[in-house]
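Q: Sending over a structure as structure tokens; questions will come in a sec.
The numbers here are math on the coordinates, done by the rules we state, and not lab data. Everything numeric in this text was worked out from a predicted model, so none of it was measured. Cβ coordinates were reconstructed from backbone atoms using ideal geometry, including for glycine residues, and neighbour counts include every protein chain displayed.
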Amino acid sequence: MKRKEFLQSGAYAMLMASVARYGFASNTDNMKNDFQLKMLATNWGFEGTLDTYCEKVKKEGYDGIEIWWPTEKKDQEELFATLKKYDLAVGFLTAGHESDYQQHADSFKKMINAAATNNIQRPLYINCHSGKDFFSFEENKALVDYTLALSKDTGIKICHETHRSRMLFAAPVAKHFFEKIPGLRITLDVSHWCNVSESLLQDQPGTMAMALERTDHIHARIGHQEGPQVNDPRAPEWKDAVDAHFAWWDKIVKIKKQKGEILTVLTEFGPPTYLPTVPYTMQPLADQWAINVFMMQTFRKRYS
């Protein structure tokens, strides 16, 4: 579609209406002026080279990227050279994947140690896919305790993601961790909790308040009662889910502004099959990249 045709299209009108609807500034009373909003792009679903990806990220106006810590030396060298070329910040993803706890803990520690102690580019944060939903509380807690010590030693912000199949997979489970581990900081991907609880969490305000206070990093994807991702947040049928997520994010931003802290946000709408598809074709119902750029622009307009 040519630019003129796009500007005249209903899709463009819907996009502009969505930006206008969600693009108001949050309350700035009693705010410190050293608050910063850092917007990061995901490479999840991107088909192309790392250079092409980073070039596109930079052109869209992102501050950086979130990416899995590369375990191979040559991949690390390529990543850091490309980040330098395009002047991009980075947040690293780390995890353990094994079902056996000791093996899981060993690989978890190895990966996060490497990401935290690299001497080439300091990450804005490290986001952990931590533990397993079937590990005991004590086993999962040991992983958190390890990261708390590592964060103290390195000064790097380490967050544990509220992700299905991981230790913080559901709101009531996370509440127990919050109560027992005061220093626990999280990456809030609340879309997972909506999916797990089959609700917009309106019946768990106390737990949500605890989560918002502990959030240092946001994964900005919008879930709903029956899934972790709406097909297009610009579509009016998702108004209730979109409004609920922005209400949570508003509160997080207000907390960060009051404290004068940096808030990092990853726009993380995913590709098929996270993104619903047309039956028999696997063709996505919407443009993943465009949705993530829309989310980035909306966050900037609403909170900067």
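Q: Measuring from label point to label point, each 7 Å out along Cα→Cβ, what is the PHE178 to THR117 span in nm?
A: According to this spin-label approximation, the distance is 3.4 nm.
Q: Kindly work out what percent of the DSSP beta bridges joining two residues of the chain are antiparallel, to the nearest 5.
A: On the way: 3 of 33 bridges.
DSSP beta bridges in the chain are roughly 10 percent antiparallel.
Q: So what's the chain giving for Rg/Rh, alpha carbon basis, Kirkwood Rh from the mean inverse pair distance?
A: We get a ratio of 0.95 for the chain.
Q: Over the chain, calculate the relative contact order: mean separation of alpha carbon pairs under 8 Å at least 6 apart, over the residue count, as a percent.
A: With pairs under 8 Å counted, the relative contact order is 21 percent.
Q: Take the alpha-carbon centre of region 129-149, take the same for region 166-241, and report the distance between them in whole Å.
A: Between the Cα centres of region 129-149 and region 166-241 lies a distance of 19 Å.
Q: To the nearest 0.05, what FRET efficiency results for GLN258 and ASP51 with a Förster distance of 45 Å applied to their C-beta separation?
A: Numbers: r = 40 Å, r/R0 = 0.88.
Result of the calculation: an efficiency of 0.70.
Q: What aspartates and glutamates sit close enough to LYS180 to cross-link, taking a C-alpha to C-alpha distance under 19 Å and skipping anything fewer than 8 places away on the same chain?
A: Within the straight-line cut-off, LYS180 pairs with ASP133, GLU138, GLU139, ASP145, GLU161, GLU213, ASP216.
Q: For region 152-162, take each phi angle, set θ = phi - 60°, evaluate the Karplus expression 6.51 cos²θ - 1.76 cosθ + 1.60, and give the result in whole Hz per residue in order, putting x for glycine and proline.
A: 5, 5, 9, x, 8, 5, 10, 10, 10, 7, 7
Q: From the mean inverse distance of alpha carbon pairs (Kirkwood) and the Cα radius of gyration, derive Rg over Rh for region 40-198.
A: 0.98
Q: If you place +1 on the Cβ of every Lys and Arg and -1 on the Cβ of every Asp and Glu, how big does the dipole about the Cα centre of the chain come out, in debye to the nearest 20?
A: Values: 37 positive and 38 negative charges, 211 e Å.
In total the dipole reaches around 1020 debye.
Q: What Kirkwood hydrodynamic radius, in Å, does region 31-111 give when the mean of 1/r is taken over all pairs of distinct Cα atoms and then inverted?
A: About 14.4 Å, per the Kirkwood formula over Cα pairs.
Q: Need the full-extension length gain, THR277 to GLU213, defined as separation in residues times 0.36 nm minus the C-alpha distance. One decimal, nm.
A: Values: separation 64, 0.36 × 64 = 23.04 nm, distance 3.59 nm.
Residue separation times 0.36 nm, minus the Cα-Cα distance, leaves 19.5 nm.
Q: Okay, next question. For the peptides 276-284, 296-304, what is the packing order when you average, over each peptide's residues, the other Cβ atoms within 10 Å and list the highest mean first?
A: 296-304, 276-284
Q: Oh, and also: For labels at LYS85 and SER107 in the simple 7 Å Cα→Cβ model, what's the distance in nm?
A: 3.0
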